[in-house]
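**Q** Here it is: the structure, laid out below.
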Amino acid sequence: MDVPAHDLAMALRGAYLALHRRTDAATLDHGITADQFVVLMELSRGEALTQTELAARTSSDLNTLRAILVRLEARGLARRRAHPTDRRARSVGITAKGRGVFDRAWAASEGIREQLDRSFTERQLETLVKFLRRCEEAFAPEVHKA
């Protein structure tokens, strides 16, 4: 079967937008967007990150991430501080209030993750993730390619 690259691109776009809309629907009731949810999810892992590290982990650009962090910080859900060893960097962490909002949004979005799990076998999920990471790497800026 010969699948045109356009079909692949449109399928990726459709899948991303469907997931994004469903996540927004689940998280907006808790006062955060899908994009803010992703940032809080990474911060909830417990370690303080620089904005650059957080951008890489959330597949976001620094300008978009900065705008998300400004909103989260204004609502008391995240905090940015001077990095302890790098004067040019900012260290980002989640607040107790942010943890509470994230935990409620995580519970509200459980059905989305369950639906994904039901849609594929474990092996199919592993393969899909591998292929999606390959797509991401194919378009990564040259500076990030090793």
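The values are calculated or read from the model by the stated rules, or taken from the named source; none is laboratory data. What you see is a predicted model, and the numbers here were worked out from it, not measured in a lab. All Cβ positions, glycine included, derive from the backbone under ideal geometry; neighbour counts span all protein chains shown. Please note that ligands, DNA and RNA were not included when accessible areas were found on the heavy atoms of the full protein model with its side chains. Shrake-Rupley method; radii C 1.70, N 1.55, O 1.52, S 1.80 Å.
**Q** With the checklist (1) farther than 27 Å from Glu136 by Cα; (2) open to solvent by 20 Å² or more (accessible area, probe 1.4 Å); (3) not polar (S, T, N, Q); (4) not in a loop (DSSP other than H, G, I, E, B) in hand, flag the one item Gly76 doesn't pass.
**A** The single condition Gly76 does not satisfy is (4).
**Q** Since Ala34 meets every condition but one in (1) under 13 Å from the mean Cα position of the chain (by Cα); (2) touching a residue at least 24 places away in the same chain (Cβ under 8 Å), which condition does it not meet?
**A** Going through the list (1) under 13 Å from the mean Cα position of the chain (by Cα); (2) touching a residue at least 24 places away in the same chain (Cβ under 8 Å), Ala34 breaks only (2).
**Q** Does Ala55 meet the test of being more than 23 Å from Val101 (Cα to Cα) and either touching a residue at least 40 places away in the same chain (Cβ under 8 Å) or not polar (S, T, N, Q) (or both)?
**A** Numbers: more than 23 Å from Val101 (Cα to Cα): no; either touching a residue at least 40 places away in the same chain (Cβ under 8 Å) or not polar (S, T, N, Q) (or both): yes.
Answer is no for this residue.
**Q** Filter region 52-66 down to residues that are in a helix (DSSP H, G or I) and surrounded by 18 or more Cβ atoms within 10 Å (Cβ to Cβ), then give me how many there are. Steps first, please.
**A** First pass over region 52-66, keeping only residues in a helix (DSSP H, G or I): 52-57, 62-66.
From what is left, the residues that are surrounded by 18 or more Cβ atoms within 10 Å (Cβ to Cβ) are 54-55, 65.
Adding up the residues that qualify gives 3.
**Q** Same structure again: Spot the failing condition for Ala9; the list is (1) assigned to a helix (DSSP H, G or I); (2) more than 18 Å from Glu136 (Cα to Cα); (3) open to solvent by less than 60 Å² (accessible area, probe 1.4 Å); (4) small (Gly, Ala, Ser), and only one is missed.
**A** (2)
**Q** Would it be correct to say that Gly31 is at pLDDT below 95 and either of a type outside the set (Asp, Glu) or surrounded by fewer than 17 Cβ atoms within 10 Å (Cβ to Cβ) (or both)? Walk me through it before giving the result.
**A** On the way: at pLDDT below 95: yes; either of a type outside the set (Asp, Glu) or surrounded by fewer than 17 Cβ atoms within 10 Å (Cβ to Cβ) (or both): yes.
Here the answer is yes, as Gly31 does meet what is asked.
**Q** Here is a list of conditions, (1) farther than 22 Å from Glu137 by Cβ; (2) open to solvent by less than 70 Å² (accessible area, probe 1.4 Å); (3) part of a helix (DSSP H, G or I); (4) not small (Gly, Ala, Ser), and Val38 meets all of them except one; can you say which number that is?
**A** Single failed check for Val38: (1).
**Q** Sticking with this one: Looking only at region 84-99, which residues are of a type outside the set (Gly, Ala, Ser) and more than 18 Å from Arg45 (Cα to Cα)? Explain how you work it out, then say what you get.
**A** The first filter runs over region 84-99 and keeps only residues of a type outside the set (Gly, Ala, Ser), leaving 84-88, 90, 92, 94-95, 97, 99.
Listed by number, the residues that qualify are Pro84, Thr85, Asp86, Arg87, Arg88.
**Q** Mind checking which residues of region 40-61 are closer than 14 Å to Ser91 by Cβ and aliphatic (A, V, I, L, M)?
**A** Matches in region 40-61: Leu43, Ala48, Leu49, Leu54, Ala55.
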